[in-house]
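Below you'll find the structure, written out as structure tokens, and then a few comments.
The values are calculated or read from the model by the stated rules, or taken from the named source; none is laboratory data. Source: prediction; values computed, not measured. Here the Cβ positions follow ideal geometry from the backbone for every residue, glycine too, while neighbour counts run over all protein chains shown. Accessible surface is based on the protein model in full, side chains and every heavy atom, while ligands, DNA and RNA are left aside. Shrake-Rupley method; radii C 1.70, N 1.55, O 1.52, S 1.80 Å.
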Amino acid sequence: MLDTVTTSAGSKGFVRPQARDLIRRLIGPRHFIQVVAGPRQVGKTTMVLQVVEQAGLPTHYADADHPSLRSVTWVEQQWETGRLLAARSGRQGAVLVIDEVQKVPEWSDMVKYLWDEDTRMGRRLKVVLLGSAPLLVQRGLGDSLAGRFQSIHLPHWTFGEMREAFGWSVDEYVYYGAYPGAVPLVKRPDEWARYIRDSLVEPVLGRDILLLSRVHKPALLRQVFDLSCAYSGRILSYNKMLGQLQDAGNTTTIAHYLHLLHGAGFLAGLQKYSGGALRRRASSPKLQVLNTALITAREGTGLHQARQDQDSWGRLVESAVGAHLANAAAAGRCEVYYWRDRNREVDFVVRSGQRLAAIEVKSGRAPTTRQGMAAFSAAYKPDRTLLVGGGGIDIGWFLSTPVEEWLQAGAEQ
């Protein structure tokens, strides 16, 4: 059984902005379980330990990420440790943090039982649950914990965060992506690429998804992942994907695997924007990684060499912009689509409430016409039509600016 921990790293490291919401909730009265979900290696554990240290709350930390599956009995044992700590801590109570909770089978029913029992008994134990696969955590929450939890989604790091924490340039962010744990390795590109592949991608493809969801063809899952990284930023019909894959099965299987990879925080299949939701769901997806490191770690060209190929660099920049928007969508701040009508295309369409924006990305690629933007504007009358790069909005500014800032208030720099 793990001991109660006190971290000393919190005040010295970079603190992600989502920490403000968590600390406000933890220092207040006990009302809800706090669920912090996001992809692997985005700083969930670090942020939570920073928060409990700053709050000055006694904390018991337990990690379910173990080679052998934990059981609900293990959850109950950790909970009892938290209860004892809360009883010794008087009026301020204590915090129980369970990391990678989604790896415990049937965890949500046990958490519901223990939480409700504490509520009836008036115990002052506050609970934080962490999960590295937002979709899979959400499945566990389901009906069992309805009305008992608040969520904080922790997405991949933005350019603004990587610049502030590590002094990164736009080019470094576009190429190396946003895994903070990999930063010490960027001067050794081969080691950096192996770290991304072996320590970040492989645990998710080889263990997390296979343990938590039914995957009949694991090899096909990997092929779909590789194909999506290679074609990030491109619209690819399911039938074309079938032609690129071995033992592909059918389009339903491919769509399911894209859904799992999205839930694991790797990539998204953006849908075409149209006036009807049914037509959006039926469209060919635009493949979009959520972190450009997933592209460049496969290619292994190095930043300098990648920067010399204007066409490839342009696609990488577009993927970085798309990742920025797709991560905002995953956090519930907007919806992101693409649009295409015959040979006319808009790279990204962003909607938030009643506000609509159309975005064209231009960096290092061959000159593009404005026919797509003009056709989309005539059909849907967006509130904003933005050109990112290529004499328009500065790419660094766009990547470091929250979506709602330019969508609601304009794009003035």
Quiz item: In angstroms, what radius of gyration and Dmax does segment 76-176 have, counting Cα atoms only?
Solution: 17.9, 55
Quiz prompt | Per-selection Kirkwood Rh - segment 274-363 (Cα, Å, 1 d.p.) | solution = 14.5 Å
Quiz prompt | Protein accessible area in the chain, 1.4 Å probe - carbon and sulfur % | solution = 48 percent
Exercise. Answer rounded, prolate or oblate for segment 1-127, using the Cα gyration tensor with square roots of eigenvalues a ≥ b ≥ c: rounded when a/c is under 1.5, else prolate when a/b is larger than b/c, else oblate.
Key: oblate
Exercise. Mind grabbing the accessible area of residue 304 for me, 1.4 Å probe, Å², rounded to tens?
Key: 140 Å²
Practice problem: Collect residues whose amide H, placed 1.01 Å from N in the peptide plane, falls under 5 Å from the amide H of residue 338; neighbours closer than 5 in sequence don't count. | Solution: 271, 272, 273, 349
Self-check item: Label point distance in nm, residue 183-residue 404, each placed 7 Å from Cα along Cα→Cβ
Solution: 2.6 nm
Quiz item: the chain: longest stretch without exposed trypsin sites (Lys or Arg not before Pro) (DSSP loop, at most 11 other Cβ within 10 Å), sites themselves excluded?
Solution: 13-186
Quiz item: Just how many % of Cα pairs in the chain lie over 39 Å apart, if you round to the nearest whole percent?
Solution: 22 percent
Practice problem: For residue 217, list long-range residues whose amide hydrogen, built 1.01 Å from N in the peptide plane, is under 5 Å from its own amide hydrogen. | Solution: none
Quiz item: Is any residue of segment 77-110 close enough, with backbone N under 20 Å, to a label point placed 7 angstrom from the Cα of residue 210 along the Cα-Cβ axis, and if so, which?
Solution: 102-105
Exercise. Report, in degrees rounded to the nearest 10, the 0 to 90 angle that the Cα long axis of helix 251-263 makes with the longest principal axis of the chain.
Key: 60 degrees
Quiz item: residue 393's amide H: which non-local residues (gap 5+, or another chain) put their own amide H closer than 5 Å, with H modeled 1.01 Å from N in plane and none for Pro or chain starts?
Solution: 387, 388
Exercise. Evaluate E = 1/(1 + (r/R0)^6) for residue 381 and residue 32, where r is the Cβ-Cβ distance and R0 equals 51 Å; express this FRET efficiency to the nearest 0.05.
Key: 0.80
Quiz item: Given q = 0.11, 0.14, 0.16, 0.23 Å⁻¹, what are the Debye log10 I(q)/I(0) values for segment 132-256, with equal point scatterers placed on the Cα positions and solvent ignored?
Solution: -0.56, -0.87, -1.06, -1.28
Exercise. Roll a 1.4 Å probe over the protein chains and send me the accessible area per residue for the chain in Å².
Key: 45 Å²
